[in-house]
1. Return only the number of the condition from (1) modelled with pLDDT of 95 or more; (2) small (Gly, Ala, Ser); (3) on the phi < 0 side of the Ramachandran plot that Gly56 does not satisfy.
2. Quickly run through the range 43-84 and pick out the residues that are open to solvent by 60 Å² or more (accessible area, probe 1.4 Å) and within 13 Å of Glu29 (Cβ to Cβ).
3. Would you check if there is a residue in the range 32-41 being open to solvent by less than 40 Å² (accessible area, probe 1.4 Å), more than 18 Å from Cys68 (Cβ to Cβ) and in contact with a Phe, Trp or Tyr (Cβ under 7 Å, 6 or more places away or on another chain)?
4. Which pairs have Cβ atoms under 8 Å, sit 6 or more apart or on different chains, and link a residue in the range 19-31 that is over 13 Å from Phe55 (Cβ atoms) and at pLDDT 90 or above to one that is open to solvent by less than 60 Å² (accessible area, probe 1.4 Å) and charged (D, E, K, R)?
Amino acid sequence: MPRSPQGKPVFVAPGGSPRGRKFSGRNAEIVLAGGANIAEMKDYRDEVHRHAIEFGRDPKTCKTMFTCVPFIVKSAKDAESTSR
């Protein structure tokens with residue numbers, strides 16, 4: 001198995017709290033996060049990237065992966081009422 005580009009294992013961190021976001025900006029290559037909508041997700045990512053910059057890191061080296069919770073419904077009508 002060849003070495004990864006990082007030369008070490010990839011560091012994945014959960015960063016839900018403000019302290020966790022700062023930790024992730026300093027240390028993580030990947031941050032796992034949640035978000036209720038796209039605007040919240042962008043704000044979260046931007047905050048982690050700001051922390052990365054504060055610690056002298058290139059924010060492009062810290063990726064954010066968002067979790068999602070799918071809903072299974074029987075019809076399009078059910079999907080429309082669930083999305084509100």
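1. In the conditions (1) modelled with pLDDT of 95 or more; (2) small (Gly, Ala, Ser); (3) on the phi < 0 side of the Ramachandran plot, Gly56 misses (3) alone.
2. Residues satisfying the conditions are Asp58, Lys60, Thr61, Lys63, Met65.
3. First, pick out the residues of the range 32-41 that are open to solvent by less than 40 Å² (accessible area, probe 1.4 Å): 33, 35.
When the remaining residues are screened for being more than 18 Å from Cys68 (Cβ to Cβ), the result is none.
No, there is no match, as no residue in the range 32-41 is open to solvent by less than 40 Å² (accessible area, probe 1.4 Å), more than 18 Å from Cys68 (Cβ to Cβ) and in contact with a Phe, Trp or Tyr (Cβ under 7 Å, 6 or more places away or on another chain).
4. Every condition considered, the pairs that remain are Val31/Arg21.
The values are calculated or read from the model by the stated rules, or taken from the named source; none is laboratory data. These numbers come from a predicted model, not from an experiment. Every residue, glycine as well, gets a Cβ built from its backbone with ideal geometry; the counts of neighbours run over all protein chains shown. With ligands, DNA and RNA removed, areas are computed over all heavy atoms of the protein, side chains included. Shrake-Rupley method; radii C 1.70, N 1.55, O 1.52, S 1.80 Å.
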